[in-house]
Amino acid sequence: MAIQSQSCSQLQTKDQTLSKAAPEAKPLFQIPESPRNRTSDVIAALAERIDTEQVSLRTLTDRLGDRTFGVLLILTAAFNVIPFVSTFTGMLTVLLGLQMLFGMTHAGLPGRILDWQLPGEGVKTALLAFEPRIRAIEKFIRPRWQFSEAPIVDRINGFVIALLGLLIALPIPFTNLGPALVIIIMGLGLLERDGLVQLLAMSVGIGLMTAIYLIL
């Protein structure tokens, strides 16, 4: 009886530990209570906090949170216009879209990449140089339509992004430029959480995919 009681106690303790460790699922239609800070402010604050000789990519992505989706989408889309390279970047775009579709809060990258150590002073200089450019873009793109931060919107965006990525990856001439431009617009919208820009990119993307489907 003592052994059985001890086993039950251990199981209960294990269950409690697992329940504490398991992340709570965020409701699909939950809207943040307050609007987010602008990306330029986040970048400036991040640059000020870098006071070590080296900083890992993991530290940067953790601080940027779901903004990493916007950054990576813009970077990959910039290479989507290059023949042959677009096949690889298209599949990377699909991966990012699927991560959003399945509710990931920030872009998932391999551990080896996340643990890369970057020169702290170089990263700080790059962030400070990047910040005014982002601030200039924020004159036109800014946090807007706070309801667009609900997880359900991210999942819909992820679905559209994944389809656009597939279209880019296909070896069909002249079908990657349009989707790449749409993804850049979507990346900017996600970076600043501008619901209007996200809706514009989503609408253009769906229209573009429909047009290509009808033509082909």
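The values are calculated or read from the model by the stated rules, or taken from the named source; none is laboratory data. On a predicted model such as this, the values are computed, not experimentally measured, just so you know. Because the Cβ atoms are built from the backbone with ideal geometry, glycine has one as well, and the counts that use them run over all protein chains shown.
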Can you work out which of the residues in region 93-111 that are part of a loop (DSSP other than H, G, I, E, B) and of a type in the set (A, V, I, L, M) is farthest from ASN80 (Cα to Cα)?
MET104
If you check every pair at least six apart or on different chains, which have Cβ atoms under 6 Å apart with a residue in region 92-107 that is closer than 13 Å to GLY70 by Cα first and a residue that is of a type in the set (Gly, Ala, Ser) and surrounded by fewer than 17 Cβ atoms within 10 Å (Cβ to Cβ) second?
GLN99/GLY108; HIS106/GLY65
Subset of region 191-216 (residues that are modelled with pLDDT of 85 or more and closer than 13 Å to ALA77 by Cβ):
ALA201, GLY205
Specify the residue that is surrounded by the fewest Cβ atoms within 10 Å (Cβ to Cβ); the eligible residues are those in region 94-120 that are under 17 Å from the mean Cα position of the chain (by Cα), of a type in the set (A, V, I, L, M, F, W, C) and modelled with pLDDT under 80.
ILE113
Number of positions in region 167-182 that are surrounded by fewer than 17 Cβ atoms within 10 Å (Cβ to Cβ), without any contact (Cβ under 8 Å) to a residue 60 or more places away in the chain and among the aliphatic types (A, V, I, L, M):
1
ILE152 within 22 Å of MET104 (Cα to Cα), among the β-branched types (Val, Ile, Thr), surrounded by fewer than 19 Cβ atoms within 10 Å (Cβ to Cβ) and out of contact with any Gly (no Cβ under 6 Å at 6 or more places or on another chain):
yes
If only one of ILE141, ILE161 is under 24 Å from THR89 (Cβ atoms) and outside any helix (DSSP H, G or I), which one is it?
ILE141
What tally of residues in region 121-137 results from selecting those that are modelled with pLDDT of 75 or more and either hydrophobic (A, V, I, L, M, F, W, C) or surrounded by 15 or more Cβ atoms within 10 Å (Cβ to Cβ) (or both)?
11
Has region 183-199 got any residue that is part of a helix (DSSP H, G or I), free of Cβ contacts under 8 Å to residues at least 40 places away in the same chain, at negative phi and not hydrophobic (A, V, I, L, M, F, W, C)?
no
